[in-house]
Amino acid sequence: MEPRDLSRLVSDLGLDLPPEELTPAFYHASYANEKGLESNERLEFLGDAVLDLTVAEILFRRFPERDEGELTKLRSVLVSRPTLAEIARELGLERYLLLSPGAEELGVRERPSVLAAALEAVVGVIFLHKGYEFTRGLVERLYGKRIAEAASRRPEDYKSLLQELGQRRFGELPRYRLLEAEGPEHEKVFTVEASLGGESAIGRGRNLKEAEQAAAKRLYLALEGISD
């Protein structure tokens, strides 16, 4: 597989870069290993950090009435794997991914994690060549109405937020364990432990779902360093 012409993508992103400068952002590890090249993983690492910062600044300036906890939850939704993969598909990044034949056969090209990583790598390249201010403006344009939509929902589903955090930071999903269910049937109290990334928290509720949400909230806030 040979690199595709990236001229259209460069134009769509409003860049004044030679198209080939973006090519390393699409070197999947499977392709890079076969060709003796550096994969896009370092660029992905950089782009992930740049997205965290730019989205945080955009939210900070746009929503002065929101406290730290609300802004953190919004950022988690906006930089989550599903959101990044959605933006990557809108840009058509899957067309430019360079994969080994084996990875192609396994359907790696359409995996949300791979698409999200490609977007992060592209952001990393743009940051290196164009600097922070340009990149922040581009990120704001790429997100478009998603920022306002996410803010209007005021998400409180901590199980979803914890899952997104786990995938993004640890590459794993949270685990829930029922510790206890006590009391009479009509007043039973459930105690659940949530664990992720070597940390755990306990929550209680009148049903299993409520207890899991309580445990997820405590663990999520602890991992993000927010006081409950």
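Coordinate-derived values only; no laboratory data. Predicted model, so just to flag it, every value in this text is computed and none were measured. Reconstructed Cβ throughout: ideal geometry from the backbone, glycine too, with neighbour counts over all protein chains shown.
For the pairs LYS145/LYS217; LYS73/LYS130; LYS35/LYS130; LYS73/LYS145, flag any whose C-alpha to C-alpha distance is greater than 21 Å. All intermediate terms of the calculation are to be shown ahead of the outcome.
On the way: LYS145/LYS217 27 Å; LYS73/LYS130 29 Å; LYS35/LYS130 28 Å; LYS73/LYS145 17 Å.
The pairs that break the limit, which is 21 Å between Cα atoms, are LYS145/LYS217; LYS73/LYS130; LYS35/LYS130.
Roughly what % of Cα-Cα distances in the stretch 53-139 sit above 22 Å, to the whole percent? Walk me through the intermediate numbers first.
Values: 1385 of 3741 pairs.
Tail of P(r) above 22 Å: 37 percent of Cα pairs.
As a length-normalised measure over Cα pairs under 8 Å and 6 or more apart, the relative contact order of the stretch 62-187 settles at 32 percent. For the peptides 182-194, 38-50, residues were scored by their other Cβ atoms within 10 Å and the scores averaged per peptide; the highest-first order is 38-50, 182-194.
Beta bridges assigned by DSSP with both partners in the chain are antiparallel in approximately 95 percent of cases.
Per residue Cα convex hull volume for the stretch 7-153, in cubic angstrom? Don't skip to the answer; put the middle values down first.
Numbers: hull volume 15.2 nm³, N = 147.
Measuring per residue, one finds 104 Å³ for the Cα hull of the stretch 7-153.
Structure remark: mean-square fluctuation, Gaussian network model of the chain, C-alpha springs under 10 Å; the largest value among ARG168, ARG218, ARG62 belongs to ARG62. What is the Cα centroid distance between the stretch 176-217 and the stretch 27-41, reported in whole angstrom? The distance from the Cα centre of the stretch 176-217 to that of the stretch 27-41 comes to 43 Å. Spin-label pair ARG8-ASN33: with each label point 7 Å from Cα along the Cα-Cβ axis, the two points sit 3.1 nm from one another. Taking every Cα-Cα distance in the stretch 158-223 and sorting them into 10 Å bins from zero, the calculated P(r) comes out as 26, 50, 19, 5, 0 percent. When +1 charges are put on Lys and Arg Cβ atoms and -1 charges on Asp and Glu Cβ atoms, the dipole computed for the stretch 158-223 relative to its Cα centre reaches about 260 debye.
So what's the back-of-envelope 222 nm ellipticity for the chain, counting only DSSP H runs of four-plus at -39500 (n - 2.57) apiece and dividing by all residues, rounded to 500?
On the way: 10 runs with 126 residues, N = 228.
Helix contribution divided over all residues of the chain: -17500 deg cm²/dmol.
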